[in-house]
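The values are calculated or read from the model by the stated rules, or taken from the named source; none is laboratory data. Keep in mind it's a predicted model, so treat the numbers as computed, not measured. Positions of Cβ are backbone-derived with ideal geometry, glycine not excepted, and every protein chain shown enters the neighbour counts. To get the accessible areas, we keep the full protein, side chains included, count just its heavy atoms, and leave off ligands, DNA and RNA. Shrake-Rupley method; radii C 1.70, N 1.55, O 1.52, S 1.80 Å.
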Amino acid sequence: MDSYKINLAEKDISESYLNISYYLNKYLGKLPEPPLHPGTKQPAGPADLSPIFPMGVIMQEVSLDEFVPIPDEVRELYKMFRPSPLMRAYRLEKELSTPAHIYYKYEGGNATGSHKLNSALAQAYYNKQEGVETIVTETGAGQWGSALSIACHYFGLKCKVFMVRISYDQKPYRKVIMKMYGSDVHSSPSIQTEYGRKVLQENPDTPGSLGIAISEALELAVQDEKTKYALGSVLNHVLLHQTIIGQEAKKQMEMAGEYPDTVIGCCGGGSNFAGIAFPFIADTLSGARKNTRFIGVEPASCPSLTKGEYKYDFGDTACMTPLLKMKTLGSDFIPSKIHAGGLRYHGMAPLVSFLHEEKFIEARAYEQLEVFEAGVKFARTEGIIPAPESSHAIKAAIDEAMVCKETGESKVILFNLSGNGMLDLQGYDDFLSGKLKN
Ligand SMILES: *Cc1c(COP(=O)(O)O)cnc(C)c1O
């Protein structure tokens, strides 16, 4: 039997991020439509975004370069947890009696347990470079908030986090983690902002949403020059930072002597899916590879890719963000209280939405119970407790492997295991004791 684990060396950490916009521009001759200014409805330029974001990330939003260099300071910090391992899921394959080869890239092995640290470190770096003192942000399940918290701490920045109320209550330990790293954490909607107070007055029992939390964070960012905002998904620069995952995976698949037939990732705002998929989609666009399938997986309760409308919409609830052309359920959509908190977002990254619209990627949605069942099966075979978000990707990988069992094809399936679920045990407990509902 070949090895379970395919490791790269520190020196193999990529020196640059891979920019899918370069490939779209060069080979497809088309790009997603630009963001629009919320007031004028004209294309939003760098100057419109500069009160919110540092110029370093704004330039990445619009870059058409093939590669964007990773700053040395960021690469140095990546060495603490990268390259991440690529695993062959032999035990899962055996359990399923499938001829498929299943591989997963494990992004849950770092300090905060998910892929989010890849972008948090880069964003903290660019803010620090430009003299920012405080970063405000939102967090759903808390993975982004904890990643940004330690990243801010490493770069000597203050961090203020608005955490969606349902997660603040359901997942109390994440807020402890953020406080451990020195951040200020507020349950959102909060009384810290005008918008939060308004929402609370109108709907005191709201579970909150990412859209509301983003509005709160933005309100503070625009009020102070030394305070900027950071987003953990959706925008081009965040997806760009995550391509470090797929670039490593490509090298590792090569070491395994394989190339994936199917690449799978769960989709909240689209960043971890983009991270694993874009370097392979680049091969499809350039014509280097044909027939690779890409599958984005989302919860049936928040189906922006499968059921959303492709149109300009706001990224937040208070309609403060630029308008983004994306698959959306509407910026006032409040998703139900599923445990995969990281997937409860009304919109999908413009780049992922565009690629779906152009038929480069497929999308599917699963109910909560079948997802948890897949997560338990994975834990019992591979040993890792997956984040409920990641279990969506696992479910799709298992379904694809079961198709291979019927057809007898030994396809190569690669999925991103975006995070571990050690802080999601309440959800698994509810599932195991039959309390969880779709
Ligand atoms: C945040 C999160 C997601 C969803 O966000 P994307 O931007 O779509 O990747 C998925 N998995 C985990 C573990 C997360 O923390």
Equivalent ellipsoid, segment 80-205 (semi-axes from 5 times Cα gyration tensor eigenvalues, Å): 33, 21, 11
Selected from Lys198, Lys128, Lys250 as most flexible by GNM, with the chain as the system and alpha-carbon contacts under 10 Å: Lys198
Å² per residue, accessible surface of the chain at 1.4 Å: 38 Å²
GNM result for the chain, Cα springs below 10 Å: residue of Asp205, Asp316, Asp184 fluctuating most strongly: Asp205
For a label point 7 Å along the Cα-to-beta-carbon line of Lys11, residues of segment 76-92 with backbone N under 18 Å: 76, 79-80, 82-84
Would you mind telling me the share, in percent, of accessible area of the chain contributed by carbon and sulfur at probe 1.4 angstrom? 50 percent
Using a basic spin-label model with each label point 7 Å from the Cα along Cα→Cβ, how many nm lie between Ala111 and Phe67? 2.8 nm
Principal axes of the chain: Cα extent on each, largest first, Å: 59, 51, 40
Can you send over the solvent-accessible area of Lys395, 1.4 Å probe, protein chains only, in Å² to the nearest 10? 40 Å²
Pairs of alpha-carbon atoms within less than 8 angstrom and 6+ residues apart define the contacts here; what relative contact order does the chain have, in percent? 20 percent
For Val185, other-chain or 5+-apart residues with amide H closer than 5 Å (H placed, Pro excluded) are Val161
Mean Kyte-Doolittle hydropathy of 0.5 or higher plus an axial Cα length of 15 Å or more: which whole DSSP H helices in the chain meet both? 210-223, 271-286
Would you work out which of Gln368, Phe354, Leu432 lies farthest towards the positive end of the dipole of segment 348-435, given +1 charges on the beta-carbon of Lys and Arg and -1 on that of Asp and Glu, about the Cα centre? Leu432
Pairs of alpha-carbon atoms within less than 8 angstrom and 6+ residues apart define the contacts here; what relative contact order does segment 34-173 have, in percent? 17 percent
